[in-house]
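Down below is the structure, laid out as structure tokens.
Values quoted throughout were computed directly from the atomic coordinates according to the rules given, and no laboratory measurement underlies them. Nothing here was measured: the structure is a model prediction, and the numbers come from that model. Positions of Cβ are generated from backbone atoms using ideal geometry, with glycine treated the same way; all protein chains shown enter the neighbour counts.
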Amino acid sequence: MPPPSPFGNGDGQHTRLKVQARASRTIRRHFVRALRRIAILGAADLAVLEVAGYAIQWLRSASWAPAALVEFFPVGFMGGWGAHAAIIVGLVFAGAYASQERWAAPSLVLRGVAFGTAVALWQSLDSRGLAWTGLHWAVVTAGLSIALTASRTALQRLVLRFLTMTHSGERVILVGDPSRPEGAYAARAVMEWQGIHSLGWLSEQVDVDDYLGHPSTVWEVLHETRTDTVVLCDTLTPEIFHTVVEAAAVAGCKVLSVRTRATMLATQPRPMRDRRLKLMELTFPAGRAGQAVLKRTFDFLASTVLLLLLAPLFLVVALLIKLDSPGPVFFIQERVGKAGRVFRMMKFRTMRVGADEEKARMAHLNQTGDSRLFKIPNDPRVTRMGGFLRRWSLDELPQLMNVWLGRMSLVGPRPFFESDLAAYDDHHFIRLAVKPGVTGLWQIRGRSSIVDFEEVVELDSEYVERWSFALDMQILFMTLPAVLRRTGAY
């Protein structure tokens, strides 16, 4: 049995939901830091390029300037915003804005400047020829690379001093055994990063400095600390690895591993390079702020268009429901969304009024045997119009309003009931890491024909871990054929 965490264990379900609820703020902190870094660095780079342009023109206009220098640097040479933009784009593609740890890496700056300068001087090939253009490219690339590297080095030191003074750096938890050479080496390398604030160790060894708890208590530690990043500094057992990575990723933390083959959970690992370490980022794609903004933007625009286009169909369906059976047009039910937040989900009513009150009496007909998947073939509570709507999944269309309001997404795990949370095991909570969806892997791979809740969770986990915009598009395009096949639709 693992030793207790200094933070205590508390209510596991409550702790997991609290951790997930704070994930958005953690992701936002990473996003704001990245934007701030790019903005500061971009402004500094533009200032250096502008000063360099003025310096060149000042040199050529000096009374002592030789004729060769005036000829070599014509009026306006590399001084326009077009040339500046080309170099900035080159730096972006070279990765010179990607990591604060490599701001001043000469190799990245050189590659970016070389590319940008080549683009800026491309038109000179026709007017000046290859030799003249090549010489200019070499001189400008060398000069600007030196100037940008020097300014970035100075800026990096200023930022580090500011973060140290204000204690506003990245809050990091280390995982592993600091007494092992591998763990100790990785920890020393991590602590050399810019503005790092170590919170301590999650370790199976109790007698370590800054001990936070056993790795199995990761949920409790994340609940009590405002952790930004979790670094796996050592070889971990598969069970501990899975627990730590899942908890940290669901919490919105950046997850890094020094074991480049440690990809058992994240299916889209991203390699990262440090001066001393080879790292693999295991953060879920769905947990990255930029991806979340893209997904929400698409959801809002697509749901707006679909609601406008389908408005006539909504009116027709509403009229038919009213003519078929007494009761309201819409069925509104509380469901659990991201981080356990309860929201009111809308569907077209497909059952007679009072069907929910009959659920307990009809539990013996539930073909899954699991209250979390309540499915009754030929359910007597379903109205004639309701059966038609269910067969063609038209009853789901009002959920587009939930998508438009931001409570759901077009693609994601299916929302379940709040009462089901009491029966959740640890690995079930991953499905609450993203917004629930109108469609998803469950729908295109069988819908109600899948009667095992663990299989549903496995599909939802696969979606969370594999998420990409392309996967969402794939699921959306496969939803219509799945609806037309009507497999498991009842």
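Find the percent of Cα-Cα distances in region 375-466 that exceed 20 Å, and round it to a whole number. That tail contains 42 percent of the Cα-Cα pairs.
Can you give me the Cα centroid spacing of region 45-62 and region 399-447 in angstrom? If we compute the Cα centre of each part, the gap is 57 Å. From least to most packed, judged by other beta carbons within 10 angstrom and beginning with the fewest, 115, 284 follow the order 115, 284.
Within the shell defined by Cβ-Cβ distances under 11 Å, the residues around residue 216 carry a net charge of -4, with Lys and Arg each +1 and Asp and Glu each -1. Legend: ranking of residues 145, 61, 409, 24 from fewest to most surrounding C-beta atoms inside 10 Å; resulting order 61, 24, 145, 409. Taking amide H atoms as placed 1.01 Å from N in the peptide plane, list the residues 5 or more away in sequence, or in a different chain, whose amide H sits under 5 Å from that of residue 204. Under 5 Å from the amide H of residue 204: 176.
Within the shell defined by Cβ-Cβ distances under 15 Å, the residues around residue 410 carry a net charge of +3, with Lys and Arg each +1 and Asp and Glu each -1.
Between amide H atoms placed 1.01 Å from N, distances below 5 Å from residue 251 occur with no residue 5 or more places distant or on a separate chain.
Per-residue extension of 0.36 nm, minus the Cα-Cα distance of residue 191 and residue 466, leaves a gain of 95.9 nm for this segment. Around the amide H of residue 121, modelled in the peptide plane, lies no amide H under 5 Å away from a residue 5 or more places distant or on another chain. Legend: ranking of residues 54, 185 from fewest to most surrounding C-beta atoms inside 10 Å; resulting order 54, 185. Using only Cα atoms, locate the centre of region 116-165 and the centre of region 191-258, then give the distance between them in Å, rounded to an integer. One Cα centre to the other: 39 Å. Which stretch or stretches of region 188-218 have amide N atoms under 11 Å from the point lying 7 Å from residue 180's Cα along the Cα→Cβ direction? Zone members listed by number: 204-205. Working note: Debye formula, equal point scatterers on the alpha-carbon atoms of region 99-157, no solvent; log10 I(q)/I(0) at q = 0.13, 0.29 Å⁻¹ is -0.38, -1.10.
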